[in-house]
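One structure is given here, and the rest of the page talks about it.
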Amino acid sequence: MRAVLNAGPIISLAGISYFFVLREIFADVLIPKAVSDEILVHGQGKTGARELHQALREAEAIVLALEQRAGFVIMDEIKARKEAMRLGLGVIGTLGILKRAKDLSLVKENLSVLLERLKRSGFRVSAAVEQDFLKHR
């Protein structure tokens, strides 16, 4: 299945050394130019420009997913996820990728350990989403 990635899951999964699971779960992984530019060219981004870059990345990821008829767009941002779903795209985020990787035995670590590593690297998650993630171990 084909999937389009946004920056958040790339940074989060790479930050805990699990970027490789994307290639194991999805046959074809696409990264929009704005996303790769943000990660490779702009680095962390500066105040003010960051919000603009984020909006462009999210929009480009959604457009690419629609153009390529991707099965999924992989993103964590709530507003962008809602828009992607409204447009009929399948949406999965960093935590969903880790769950699938665990189900496929690509991840040996406990999901609670991975979640703590993500949080230490700056990943933000609501208490409700965290609780839901951990109850389906």
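The values are calculated or read from the model by the stated rules, or taken from the named source; none is laboratory data. Remember, it's a predicted structure, so these values are computed and weren't measured experimentally. Heads up, the Cβs are rebuilt from the backbone with ideal geometry, glycines too, and the neighbour counts pull from every protein chain shown.
Annotations for the structure displayed:
- Restricting the stretch 1-19 to residues that are assigned to a loop (DSSP other than H, G, I, E, B) and touching a residue at least 12 places away in the same chain (Cβ under 8 Å), the residue that is nearest to L118 (Cα to Cα): I16
- Residues (in a loop (DSSP other than H, G, I, E, B) and within 20 Å of A14 (Cβ to Cβ)) located in the stretch 89-103: G93
- The residues on offer are L64, L106, and the sole one that is assigned to a loop (DSSP other than H, G, I, E, B) and surrounded by fewer than 21 Cβ atoms within 10 Å (Cβ to Cβ) is L106.
- Hits in the stretch 69-88 - residues which are in a loop (DSSP other than H, G, I, E, B), buried (at least 21 other Cβ atoms within 10 Å of the Cβ) and out of contact with any Pro (no Cβ under 9 Å at 6 or more places or on another chain): A70
- Flag if G122 is within 17 Å of R23 (Cα to Cα) and in contact (Cβ under 8 Å) with a residue 24 or more places away in the chain: no
- Residue that is farthest from the chain's Cα centre (by Cα) [pool: residues in the stretch 109-131 that are surrounded by fewer than 12 Cβ atoms within 10 Å (Cβ to Cβ) and closer than 14 Å to I78 by Cβ]: A128
- Residue match in the stretch 23-31 (condition: surrounded by fewer than 20 Cβ atoms within 10 Å (Cβ to Cβ), in contact with a strand residue (DSSP E or B) (Cβ under 8 Å, 6 or more places away or on another chain), at pLDDT below 85 and part of a helix (DSSP H, G or I)): yes
- Only one of K99, K108 that is in contact with a helix residue (DSSP H, G or I) (Cβ under 8 Å, 6 or more places away or on another chain) and at pLDDT 85 or above: K99
- Qualifying positions in the stretch 33-71 - modelled with pLDDT of 75 or more and more than 22 Å from G15 (Cα to Cα): A59, E60, I62, V63, L64, A65, L66, E67, Q68, R69, A70, G71
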